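Trainee: So that we are looking at the same thing, I have put the structure below in structure tokens.
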Amino acid sequence: MTAPVIVGADHSPGSAGALTLGRWLATAQDAPLIVAVVHPAPSAIGSGRVDAEWVADRHQAARRILDEARSALADPPGVDYRVVASTSAAHGLHDLAEQSGAAMLVVGSGAAAPAARIFAGSTAERLLAGSVCPVAIAPAGGAAPGSAGRIGVAYVDTPDGRAALNAAAGLARRTGSPLLLVTVVAGGDAALPFMIGDDAERAFLDTARETYEEALRKAAATVPDVPVTCELRAGDVVEELAALDEVDVLFCGSRGYGPARRVLLGGVSGRLLRRAGRPLIVVPRA
């Protein structure tokens with residue numbers, strides 16, 4: 001059975017974007033779609049006592065959120081709606097992802113997100129601290145994916161960068177979309193070693209550009225069955241990637257160290273969670 005795409009739904013404004021993105025990803029990958037709402041698990045309030053009435057109320061509230069999700073999705077056939085009891089939304093979605101062997105977890109932006117921008121809430125940030133599968137964050141009120149017709153990859157020639165490329169290539173094959181590989185190098189003095197002369201400065205920049213361009217060419221050659229465009233940009237890496245409006249989704253690798261097969265935010269991916277204008281998908285380390 002194809003691994004499912006899981007959408008974490010709640011009452012927040014960002015939930016609609018998560019549902020839209022999750023449905024698109026599930027359809028593109030011909031994968032089952034699970035819409036899950038997490039409510040608090042029973043916990044003792046004293047010796048041998050549990051507030052059963054409160055737990056039942058939270059369960060009913062979760063059911064109402066699922067009804068809203070059905071309405072937002074127009075209740076297509078084959079969607080699995082689940083209520084999950086757990087100590088937190090992130091913990092419940094983590095457990096569900098592991099139990100179901102999920103292909104991806106999808107959540108919306110937090111309530112503080114500006115229009116058409118990502119601003120990860122507490123659930124998204126916790127999911128991005130150890131998820132076993134890629135985590136996608138939908139921007140607030142953003143357009144449905146598919147309009148741009150390209151899939152973006154924030155590429156660096158590292159294991160986490162190659163993991164992001166492999167995941168993006170898999171989605172590109174499913175959708176028939178081309179890939180856009182973008183490497184951003186610091187512009188101006190920020191790219192240079194301290195106190196080198198003008199001639200050495202030019203030589204350093206030329207060598208760095210050749211190195212990055214060669215890495216992009218080699219990366220493109222690893223996916224010969226997908227049309228690939230490569231771009232080398234100069235400037236602030238987060239600003240350049242956040243401004244990539246010509247892609248449907250942007251894949252980004254995890255931090256370059258830490259446990260394998262887990263999502264861990266790095267400096268770039270962490271800051272993109274406050275700036276990106278397209279859905280951001282953070283991929284676990286290989």
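Trainee: Quick one: Karplus J couplings for region 215-226, per residue in order, coefficients 6.51, -1.76, 1.60, θ = phi - 60°, nearest Hz, x for Gly and Pro?
Mentor: 4, 5, 4, 5, 5, 4, 5, 7, 10, x, 8, 10
Trainee: Whole-Hz Karplus ³J(HN,Hα) for region 96-102, in order, using 6.51 cos²θ - 1.76 cosθ + 1.60 and θ = phi - 60°, x for Gly and Pro?
Mentor: Once θ is set to phi - 60°, the couplings for region 96-102 become 5, 4, 5, 5, 9, x, 4 Hz.
Trainee: Now for a separate question. Each residue of region 18-32 in order: what ³J(HN,Hα) in whole Hz does its phi give by Karplus 6.51 cos²θ - 1.76 cosθ + 1.60, θ = phi - 60°, with x for Gly and Pro?
Mentor: Result, ordered by residue: 5, 5, 5, 5, x, 5, 4, 5, 5, 5, 4, 9, 6, 10, x Hz.
Trainee: Something else now. Hey, for a label at Asp67 modelled as a point 7 Å past Cα toward Cβ, could you say which residues of region 1-32 have their backbone N under 13 Å away?
Mentor: Inside the label zone: nothing.
Trainee: Still on this structure: Given points 7 Å out from each Cα along the Cα-Cβ axis, report the Trp54 to Asp225 separation in nanometres with one decimal.
Mentor: The answer from the label model is 5.3 nm.
The numbers here are math on the coordinates, done by the rules we state, and not lab data. Not measured: the values here are computed from a predicted model. Using ideal geometry, Cβ is built from the backbone for each residue, glycine included, and neighbour counts are taken over all protein chains shown.
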